[in-house]
Amino acid sequence: MNIVTLSVASREAVEARALAAFEGKAQGAHYSFGSTDLLWQTLTRKRWELLQAMTGQGVMSIREAARRVGRDVKAVHGDVQALLAAGVIDRAERGIVFPYDAVHVDFMLTKAA
């Protein structure tokens, strides 16, 4: 199964993961955000629904993605552009793709300072 991890991680943690990858240690697919605010700003509820509809489905058109989530094509197009800009989904020859079969979200909530 092709799994991606979405996480909130410090720059140091991302660098450590990159260094481990350069040493040949498998890291898996990761998208890291600098804060929970940035994660939620990028991955809104509607975008989560879109990712869920695209997970494990291969390449699809924006029109097909909109049909699957029951939304207007223009609105879905805006969310697709945001997800493309963030690097979360990819362009494909015949549309867009989220090339993963599952998503793992990893962050820790701690008490406020």
query = Given (1) open to solvent by 50 Å² or more (accessible area, probe 1.4 Å); (2) among the acidic types (Asp, Glu); (3) over 25 Å from Ser10 (Cβ atoms), where does Glu64 come up short, assuming only one miss?
reply = (1)
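Residue by residue through region 67-112, note down the ones that are among the β-branched types (Val, Ile, Thr), part of a loop (DSSP other than H, G, I, E, B) and either surrounded by 13 or more Cβ atoms within 10 Å (Cβ to Cβ) or modelled with pLDDT of 90 or more (or both). Reasoning before the result, please.
Quick first cut of region 67-112, residues among the β-branched types (Val, Ile, Thr) only: 69, 73, 76, 80, 88-89, 96-97, 103, 105, 110.
Still in the running and part of a loop (DSSP other than H, G, I, E, B): 88-89, 110.
Residues satisfying the conditions are Val88, Ile89.
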query = Which pairs have Cβ atoms under 6 Å, sit 6 or more apart or on different chains, and link a residue in region 7-18 that is without any contact (Cβ under 8 Å) to a residue 24 or more places away in the chain to one that is open to solvent by less than 50 Å² (accessible area, probe 1.4 Å) and of a type outside the set (Val, Ile, Thr)?
reply = Val14/Ser32
Subset of region 28-45 (residues that are surrounded by fewer than 12 Cβ atoms within 10 Å (Cβ to Cβ) and either touching a Lys or Arg at 6+ places or on another chain (Cβ under 8 Å) or part of a helix (DSSP H, G or I) (or both)) = Asp37, Arg45
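The values are calculated or read from the model by the stated rules, or taken from the named source; none is laboratory data. From a predicted model like this one, the values you see are computed outputs, not experimental measurements. Cβ coordinates were reconstructed from backbone atoms using ideal geometry, including for glycine residues, and neighbour counts include every protein chain displayed. Just the protein is used for accessible areas: all its heavy atoms, side chains included, with ligands, DNA and RNA removed. Shrake-Rupley method; radii C 1.70, N 1.55, O 1.52, S 1.80 Å.
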